[in-house]
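Working notes for the structure below.
The values are calculated or read from the model by the stated rules, or taken from the named source; none is laboratory data. Source: prediction; values computed, not measured. Heads up, the Cβs are rebuilt from the backbone with ideal geometry, glycines too, and the neighbour counts pull from every protein chain shown. Only protein heavy atoms, including side chains, enter the accessible area calculation; ligands, DNA and RNA are left aside. Shrake-Rupley method; radii C 1.70, N 1.55, O 1.52, S 1.80 Å.
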Amino acid sequence: MSVNSPGILIAVEGIDGAGKSTLVRLLSNLFLVHGHQVLATKEPGGTPLGVELRKLLQYQSIPLDKRAECLLFKADRAQHFSQVVIPALKKGTIVISDRMGDSSIAYQGYGRGHDIAIITKLNTWTMYNHKPDLTIYLKIPLDIAYQRMASRNVAPTVFEQEKRSFMERVMQGFEVLYAGRTDVLVLDAIQEPDILAHIAYESAVHHLHLHK
Ligand code: TYD
């Protein structure tokens, strides 16, 4: 929940190549055109500090210690919540974030093998006890995700260069985390971006009891 705030917190999660950033953009636009106050943001990289951390985390010239990597994602999250997310929630804004705490559970927990209980505790701490009101999980077959990553015109990140077994564990992590959850909307990410955005919008409005 958004602790004592009138705003609403939505997280968009999924493996690399699932299409999260496109969905966040289109979904935010839909909320905007329907008269809602909305903020699209992301982790890592939703603050000036986060932009620096994002570069370090995605394109490491010196390999990062796995615990250091984990803590840098947490540093990004704490800064993001205190500087961006919580102030916006206090103003009654719908905050839509491209990734949030569950990415740490999937990537650092299931992917890197860190203790899930520690990661979960650090998530709660760095998110100042906030929880997403709704999580949208973009589910995509691994082969299609890899095709999409390969077709991008940018250098592959540290995570995209990991072995396929790493991304399989990450995906498995999301699946375990989201099984049977009523606060998670699972979407088939193969669909056209506009269609996906409309489904996400209608479901979010319904789930969060918002006016259309
Ligand atoms: P993302 O912004 O989705 O990548 P891009 O927009 O370049 O496709 O995420 C950056 C990477 O960081 C992604 O590979 C997942 C990873 N990540 C973690 O490992 N842990 C985390 O807690 C977060 C937020 C991201």
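General observations
- Solvent-accessible surface ranking, highest first, for Arg164, Arg67 at 1.4 angstrom: Arg67, Arg164
- With all protein chains modelled, accessible area of Val51 [1.4 Å, Å²]: 60
- The chain: relative contact order as a whole-number percent, Cα under 8 Å and 6+ apart: 33
- The modelled label-to-label distance for the pair Gln60/Gln161, using points 7 Å beyond Cα in the direction of Cβ, is 1.1 nm.
- Sum of side-chain charges, Leu9 neighbourhood, beta-carbon under 15 Å (Lys, Arg +1; Asp, Glu -1): 0
- Net lengthening on full extension, Ala117/Arg148 (0.36 nm per residue, minus Cα-Cα): 7.9 nm
- Area accessible to solvent at Tyr137, 1.4 Å probe radius, in Å²: 10
- For the set Lys90, Lys20, the ranking by accessible area, highest first and with no ligand, DNA or RNA atoms included, is Lys90, Lys20 under a 1.4 Å probe.
- Sequence-distant contacts, meaning Cα pairs under 8 Å at least 6 residues apart, place the relative contact order of the range 1-93 at 42 percent.
- Using the Cβ-Cβ distance between His209 and Thr124 with R0 = 25 Å, the FRET efficiency computed as 1/(1 + (r/R0)^6) comes to roughly 0.50.
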